[in-house]
Structures are given as C-alpha cells and as structure tokens.
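Student: There's a structure below that I have some questions on.
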C-alpha cells in the first residue's frame, strides 16, 4: 500500500515541481494548503478558486426581466455592437432598469457603505459619490445613451427607446407578459426654429 502511494506521489505535478525548483514547489504547496483551508472555512479568496459557487442548483424563476433597446425605430442587439461596447451598454441598461424598478433608489448604497466602511471618511465619501446613483443622473443618462450609441455604432443616432420586458416560460418557451418603456431619448436638433 505504501509503495503504491509513493509511486503515485512520484508521478504528481507537485512532486515534479518540488524536485526541479524547491522554492516554487513550496510556494505552490502553501497556496494549495491555503486554498484548501479557505474551502473548509468557506472563505472567498477569488471567485475562480471558490468551487462551491458552482455547486448550487439553478432554480427556475417565475418571471424573467429583459431590457430591450430600439435605435431609430430598429431593434438593437448586443451582437450589433463591438464586444465590450455592447457588454457595457446592455449592463448599464440593466442597471438603469433595476433603478427604475426601485423608483431610482440605489439598492447598492448599503452594500457600498459596508464594503467601504474601513476606508478613511474622505476617501469613502469620494468613492460613494462616484460609484452610487444620484437622482440628478437621470436626465443626463438619455443624452449619454445617444452619444455612446453614436460612437459605438459609428453613425449618428437620433432616437432611442429602452423597454423593460417581462417574460414567463410556458411550455419551455418564453412568452412576453408585459412591456413598458422606461427611457426615451432624442438627439438635440441642430436646427433651431
């Protein structure tokens, strides 16, 4: 039995590293021990190494919310935009939709305050101001959306409409239950009356 374990040990990656570079092997061993201890204590070191986050079953939701955007009357999808521009834009629209659903009360404020609690007060106020939503941000958001889409799509954009769509799955197919417009924005006209 001991011979089999010894033979197995000598075929492992860790054994090879310890033989070739003892310092790197020690660092790697310490990392593995710390990671194992973190798993036992359920401490999050990084999301990549937190294996438990993938073990929960996904439970179906009763309804799903989607944000849809039309640009100059045509539906816009994330695939029509450059990759990172589309990801930023649609994640921003999702955040706007969540704010809209909560009457523009920033539900991340408590989390921000908790996460930043150990920082010096001046830095904490600065970061909270920069990272949280304030009601005066609502009006400029439409203008930002027009400018951002114009740059991302490489063409002038005059009108956008953002809708919140609620879907329910019926016979494994999404069925639109409700749709409501949460944002309309128009580019300023260059021609004055």
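The values are calculated or read from the model by the stated rules, or taken from the named source; none is laboratory data. Note that the structure is a prediction, hence the values are computed from the model and not measured. For neighbour counting, all protein chains shown are included, and Cβ atoms are generated from backbone atoms with ideal geometry for every residue, glycine included.
Student: With the checklist (1) modelled with pLDDT of 90 or more; (2) outside any helix (DSSP H, G or I); (3) surrounded by fewer than 15 Cβ atoms within 10 Å (Cβ to Cβ) in hand, flag the one item residue 189 doesn't pass.
Tutor: Unmet condition: (1).
Student: Select from the stretch 157-186 the residues that are more than 19 Å from residue 90 (Cα to Cα) and not in a strand (DSSP E or B) and write down the one among them that is modelled with the highest pLDDT. Give the steps one after another, and end with the answer.
Tutor: Filtering the stretch 157-186 for residues more than 19 Å from residue 90 (Cα to Cα) gives 168-178.
Next cut, not in a strand (DSSP E or B) only: 171-172.
Details: 171: 85, 172: 81.
Looking at the filtered set, the residue picked out is 171.
Student: Identify all residues within the stretch 79-93 that are surrounded by 14 or more Cβ atoms within 10 Å (Cβ to Cβ) and within 21 Å of residue 180 (Cα to Cα); write none if there are none.
Tutor: Scanning the stretch 79-93 gives 89, 90, 92, 93.
Student: While we're on this one: Return yes or no: is residue 152 assigned by TED's automatic domain parsing to the domain that holds residue 69 and in contact (Cβ under 8 Å) with a residue 60 or more places away in the chain?
Tutor: Spelling it out, residue 152 is indeed assigned by TED's automatic domain parsing to the domain that holds residue 69 and in contact (Cβ under 8 Å) with a residue 60 or more places away in the chain.
Student: Name the pairs: first residue in the stretch 119-137 and under 15 Å from residue 105 (Cβ atoms), second residue surrounded by fewer than 10 Cβ atoms within 10 Å (Cβ to Cβ) and at pLDDT 80 or above, Cβ to Cβ under 9 Å, at least 6 apart or on different chains?
Tutor: none
Student: Another question about this same structure. Go through 32, 18 for me and flag whichever is under 37 Å from the mean Cα position of the chain (by Cα), outside the structural domain of residue 174 (by TED's automatic domain parsing) and either surrounded by 12 or more Cβ atoms within 10 Å (Cβ to Cβ) or at pLDDT below 90 (or both). Steps first, please.
Tutor: On the way: 18 fails: under 37 Å from the mean Cα position of the chain (by Cα).
None of the others qualify; the one that does is 32.
Student: Return yes when residue 72 is more than 20 Å from the chain's Cα centre (by Cα), more than 30 Å from residue 185 (Cα to Cα), modelled with pLDDT of 90 or more and surrounded by 10 or more Cβ atoms within 10 Å (Cβ to Cβ) and no when it is not. Break it down into steps so the answer makes sense when it comes.
Tutor: On the way: more than 20 Å from the chain's Cα centre (by Cα): yes; more than 30 Å from residue 185 (Cα to Cα): no; modelled with pLDDT of 90 or more: yes; surrounded by 10 or more Cβ atoms within 10 Å (Cβ to Cβ): yes.
When the stated conditions are applied, residue 72 does not pass them.
Student: Could you please let me know if residue 139 is more than 16 Å from residue 85 (Cβ to Cβ) and modelled with pLDDT under 90?
Tutor: Numbers: more than 16 Å from residue 85 (Cβ to Cβ): yes; modelled with pLDDT under 90: yes.
Here the answer is yes, as residue 139 does meet what is asked.
Student: Another question, then. Those residues that are over 16 Å from residue 99 (Cα atoms) and within 23 Å of the chain's Cα centre (by Cα), I need them from the stretch 112-128; list them, please.
Tutor: Within the stretch 112-128, 113, 114, 115, 116, 117, 124, 126, 127, 128 meet the criteria.
Student: Quick check on residue 146: is it in contact with a helix residue (DSSP H, G or I) (Cβ under 6 Å, 6 or more places away or on another chain), surrounded by 14 or more Cβ atoms within 10 Å (Cβ to Cβ), in contact (Cβ under 8 Å) with a residue 12 or more places away in the chain and assigned by TED's automatic domain parsing to the domain that holds residue 78? I'd like the intermediate steps shown before the answer.
Tutor: Numbers: in contact with a helix residue (DSSP H, G or I) (Cβ under 6 Å, 6 or more places away or on another chain): no; surrounded by 14 or more Cβ atoms within 10 Å (Cβ to Cβ): yes; in contact (Cβ under 8 Å) with a residue 12 or more places away in the chain: yes; assigned by TED's automatic domain parsing to the domain that holds residue 78: yes.
For residue 146, the condition - in contact with a helix residue (DSSP H, G or I) (Cβ under 6 Å, 6 or more places away or on another chain), surrounded by 14 or more Cβ atoms within 10 Å (Cβ to Cβ), in contact (Cβ under 8 Å) with a residue 12 or more places away in the chain and assigned by TED's automatic domain parsing to the domain that holds residue 78 - is not met.
Student: Sticking with this one: Could you list, in sequence order, the residues of the stretch 129-140 that are within 20 Å of the chain's Cα centre (by Cα), surrounded by 11 or more Cβ atoms within 10 Å (Cβ to Cβ) and part of a helix (DSSP H, G or I)?
Tutor: Correct list: 131 only.
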